[in-house]
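The values are calculated or read from the model by the stated rules, or taken from the named source; none is laboratory data. On a predicted model such as this, the values are computed, not experimentally measured, just so you know. Neighbour counts are summed over all protein chains in view; Cβ atoms, including those assigned to glycine, are modelled from backbone coordinates with ideal geometry. Protein only, heavy atoms only, side chains kept; ligands, DNA and RNA dropped before computing areas. Shrake-Rupley method; radii C 1.70, N 1.55, O 1.52, S 1.80 Å.
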Amino acid sequence: MTQYHSHGAQIVPLWKYRRPMDTTVQTEMRAHWDQLRAGRLMPLRSEIDPRSIENGLEYAFLVERTQPGHVRLRVAGMHLCDLMSMEVRGMPLRAFLQVGSRALFTSRLERVFETPEIQLHHLISDDQGQSALNAQMLILPLKGDNGQVDRALGCIVTEGTIGPFPRRFRLLETDVTCLRTGTETSAKSREVEQAPKVSGFAEDQRPFGMPNLSSVPIGTREDGRPDFKVVQPDAD
């Protein structure tokens, strides 16, 4: 795992280091992307120059959309590996999201390639009893060598301590810029709440478990109905 080098001689493992949100990485990446597109909707994947974003390579990633709904990491910086405590190249981008946020994230991510649009996702990881880790994921569409919008450049920056366990995030909000119209919008994400039960339309559910047999007479059910009956044979 990446280690953080302080100004002194001490070396601190990154998962113990509380990192501030470094939005300059996003600014530099967006500026490089804007410069390359030169009035076009977006630049080509082959035009990306890592030297122009070298200060943010630790946070950067390149993804490929192999088919609708399937977007995989082709290149990933060490910060992404630290977040998941493993090598992440080849993994789907939605792997960074908690299960409950993946469907919405995947649906929104499709618009990066279809509309196309720029997206900035606001995320939080606060499960498994760990301290909250805030994150932002920037995604910038790219054209592949085939001329199709099937690549994207992006980065994930975080604020807080990663901790010793893999981090997966809830999707809080998405800022969107439509490249064809320049329109900027923001969409929040709501947690799915369990609908309240309407009285009179359903029976009360009993907790799963064994009945209290001491309170049920032998030969009867819990509801008082006979469990069996004795059949007397006809006399000869």
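In loop segments of the stretch 35-70 as defined by DSSP, the trypsin sites (Lys or Arg not before Pro) with at most 16 further C-beta atoms inside 10 Å of their C-beta are R40.
Each of V75, V112, V149 has its accessible area taken with a 1.4 Å probe; listed largest first, they run V75, V149, V112. The distance between label points at Q35 and E47 comes to 1.3 nm (points 7 Å beyond Cα on the Cα→Cβ vector). Each part reduced to its alpha carbon centroid, the stretch 117-131 and the stretch 60-113 end up 13 Å apart.
Computed from the C-beta positions of D175 and Q130, the FRET efficiency with R₀ = 30 Å rounds to 0.70.
Taking 14 Å as the cut-off, no amide N atom of the stretch 74-112 comes nearer than this to a point 7 Å along the Cα-to-beta-carbon line of D145. R94 contributes about 80 Å² of solvent-accessible surface, heavy atoms of the protein only, 1.4 Å probe.
The 1.4 Å probe gives accessible areas that order H70, H79, largest first, as H70, H79. Each semi-axis of the equivalent ellipsoid for the stretch 52-198 is √(5λ) with λ an eigenvalue of the Cα gyration tensor; in descending order they amount to 24, 21, 14 Å. Annotation note: GluC sites (Glu not before Pro) in the stretch 68-163 located in DSSP loop regions with a Cβ neighbour count of at most 12 within 10 Å are E87.
Between the amide H of L44 and those of K143, distances stay under 5 Å, these residues lying 5 or more places away or on another chain, with hydrogens modeled in the peptide plane.
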